[in-house]
Amino acid sequence: MELYVVVALVGVGLLLAELLLSTGGVLALLGVAGLIAGGILALTADSGSSASDWAGPALIALGLLSAVSFYFITGKVLAAHRERPVHGGHEELVGAPAEVRTSLDPDGQVWIAGAIWAARLSAGGPLRPGDRVMVEAVEGLTLRVRPDSPPGPSPVESEKGAD
């Protein structure tokens with residue numbers, strides 16, 4: 001097997017590894033260098049094969065095309081990861097809806113994110129189990145909640161409209 005074929009295959013392997021490992025372009029840069037080096041080796045090969053005549057320019061063109069593609073794609077991927085803040089733990093709970101499990105007057109329990117949390121009602125009257133609330137803050141292991149506004153008209157309003 002010719003040396004330029006081995007170098008080009010290593011370059012392609014590095015490009016594929018970049019797709020799977022997402023190293024920020026390091027493996028892509030090495031893969032592009034491998035393709036271009038394979039193309040240069042193919043142009044300088046003393047082989048009697050006619051494949052080295054067209055393989056050299058093709059590998060160089062493929063290397064340059066890969067470099068341009070990975071430049072734009074890696075830039076977009078890194079920008080997308082940079083702009084989105086990381087949310088985890090109690091930060092995810094703030095602003096999330098929850099369901100009342102025990103009467104909130106003003107203390108009780110709510111169901112949110114697959115767990116029961118202690119909750120304290122910040123505004124409004126007592127709430128019954130099954131009512132929806134919105135988390136305003138996390139204070140230690142207690143959630144400060146407020147009643148969630150209903151999405152549509154209440155049953156009383158819909159009965160008045162039907163009469």
* Structure fact -> Of the residues in segment 1-15 that are free of Cβ contacts under 8 Å to residues at least 40 places away in the same chain and within 28 Å of the chain's Cα centre (by Cα), the one that is surrounded by the fewest Cβ atoms within 10 Å (Cβ to Cβ) is Gly13
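Quick one: in segment 16-66, of everything that is under 28 Å from the mean Cα position of the chain (by Cα) and assigned to a loop (DSSP other than H, G, I, E, B), which residue is surrounded by the most Cβ atoms within 10 Å (Cβ to Cβ)? Steps first, answer last, please.
Of all residues in segment 16-66, those under 28 Å from the mean Cα position of the chain (by Cα) come to 16-32, 65-66.
Those left that are additionally assigned to a loop (DSSP other than H, G, I, E, B): 22-25.
Working: Ser22: 14, Thr23: 14, Gly24: 13, Gly25: 19.
In this case the residue turns out to be Gly25.
Given the structure, is Gly75 open to solvent by less than 50 Å² (accessible area, probe 1.4 Å) and touching a helix residue (DSSP H, G or I) at 6+ places or on another chain (Cβ under 9 Å)? I'd like the intermediate steps shown before the answer.
On the way: open to solvent by less than 50 Å² (accessible area, probe 1.4 Å): yes; touching a helix residue (DSSP H, G or I) at 6+ places or on another chain (Cβ under 9 Å): no.
When the stated conditions are applied, Gly75 does not pass them.
The values are calculated or read from the model by the stated rules, or taken from the named source; none is laboratory data. Just so it is clear, the structure is predicted and the values come from calculations on it, not from any experiment. For neighbour counting, all protein chains shown are included, and Cβ atoms are generated from backbone atoms with ideal geometry for every residue, glycine included. The protein model used for the area step is the full one, side chains on, heavy atoms only, and it has no ligands, DNA or RNA in it. Shrake-Rupley method; radii C 1.70, N 1.55, O 1.52, S 1.80 Å.
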